[in-house]
Amino acid sequence: MISSERRTMSMKKILAVHSAPRPHWVGNGFPVRSLFNYMQHGALVTPFLLLDYAGPARFEPSASERRGVGSHPHRGFETVTIVYEGEVSHRDSTGAGGTIGPGDVQWMTAAAGLVHEEFHSPAFTQQGGVLEMVQLWVNLPARDKMNAPGYQGIVDASIPRIALPGGGGTLRVIAGRFDGQQGPARTHTPIDVWDLRLEAGARVSLPLVPGHTGVLVVLSGTVQLGGHTAVHDAQWAQLAREGDALQIETEHGAKLLFLGGEPIQEPIAGHGPFVMNTRAEIVQAFQDFEAGRFGQMAA
Ligand code: MN
């Protein structure tokens, strides 16, 4: 970082560092730690709602088992699945779906509602191996909650990979912008989702958007933020909205996920797989699901 830039930057403060709760199983395929969720962290993480970190966990080969979670609905938000190891197959009631592997991302917009299933791919189940993935729930603004559902399958090769200065590592722009490069994900509000791999001894300064929510998730390794706050694997740091930069150092290297976004300043009412703005809309979601208005999986 050259000195003229340094003078004009103001570092984002670290407001809190949160540790992962105990893991729980989602279906029989995803041993997850819910690092944050809107019921606990509410407006602090908007526009993000929830982050489940699955694995890393080793699965033995199986010839016949289906590992994952069967047909279930969503309404009012998006689910973003980022695979680090293993392979996951999705299918939904609009006919969309696909299998994603390491480096790939599925950005599914549930919006007005769909039914989907999420399983390990048959090939991965038969071979066995390590599964590591993140599922992030991204809120939709009220104006977009009842849009038609959408699906973006984003392959690794379409995600810009940027070398960080000084040999610090790499940053993949899944959504938003970094260093003039635009990520492939189409979003409903301004969002940055960056996959960072830092080398041992890295010291980098990330330019961030003032006024936006900032969450830095450490998936593996340990980092020092702002020169003083240690964050370890499966912890996340909540950044102040004020400020426009974050300094990250690591002694031994780290794998990080940065989430930034413009806060959605609207009430949140949620229950299970539905996240809306009012309690009446949640009741309506249950009624619509019971009445079969979310569609059905093809046989
Ligand atoms: Mn789901």
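The values are calculated or read from the model by the stated rules, or taken from the named source; none is laboratory data. This is a predicted model, so every value here is computed, not measured. Counting neighbours? That spans all protein chains shown, and the Cβs are built from the backbone with ideal geometry, glycine included. Accessible surface areas use protein heavy atoms only, side chains included; no ligands, DNA or RNA. Shrake-Rupley method; radii C 1.70, N 1.55, O 1.52, S 1.80 Å.
Quick notes on this one:
- Segment A57-R177, length gained on full extension (0.36 nm per residue, minus Cα span): 40.0 nm
- At a probe radius of 1.4 angstrom, the accessible area of segment 1-117 per residue rounds to 44 square angstrom.
- Hydrodynamic radius of the chain by the Kirkwood approach over all distinct alpha-carbon pairs: 19.7 Å.
- With the highest mean first, a sort of the peptides 80-88, 66-74 on other beta-carbon atoms found within 10 angstrom per residue produces 80-88, 66-74.
- Between helix 279-290 and the chain: long-axis angle, C-alpha atoms, 0 to 90°, nearest 10: 50 degrees
- Once the C-beta distance of S10 and R203 is scaled by a Förster radius of 22 Å, the resulting FRET efficiency is 0.75 to the nearest 0.05.
- Taking segment 61-124 and dividing mean pair separation by its residue count, relative contact order in percent (alpha carbons under 8 Å, at least six apart): 47 percent
- Heavy-atom SASA rank of R91, R58 (probe 1.4 Å, accessible area, largest first): R58, R91
- Normalised by the number of residues in the chain, the mean separation of alpha-carbon contacts (under 8 Å, six or more apart) gives a relative contact order of 21 percent.
- Accessible area per residue for segment 159-285 is 40 Å², calculated with a 1.4 Å probe on protein heavy atoms, without ligands, DNA or RNA.
- Highest mean first, the peptides 42-54, 16-28 sorted by other C-beta atoms within 10 Å per residue fall in the order 42-54, 16-28.
- Computed from backbone phi with θ = phi - 60° and the Karplus coefficients 6.51, -1.76 and 1.60, the 3J(HN,Hα) list for segment 67-79 is 10, x, 9, x, 3, 8, x, 9, 8, x, 7, 10, 10 Hz; x is used for glycine and proline.
- Taking the 1.4 Å solvent-accessible surface of the chain as the whole, the part contributed by carbon and sulfur is 51%.
- Helical contribution to [θ] at 222 nm, DSSP H n ≥ 4, -39,500 (n - 2.57), averaged over the chain, rounded to 500: -2500 deg cm²/dmol
- In this rough spin-label picture, where each label sits 7 Å from Cα along the Cβ direction, the V69-A157 distance is 3.1 nm.
- Shape of segment 100-234, Cα gyration tensor, a/c cut at 1.5: oblate
- Counting only residues at least eight positions apart within a chain, or on another chain, the aspartates and glutamates with an alpha carbon under 19 Å from that of K13 are E5, D192, E242, D244, E249, E262.
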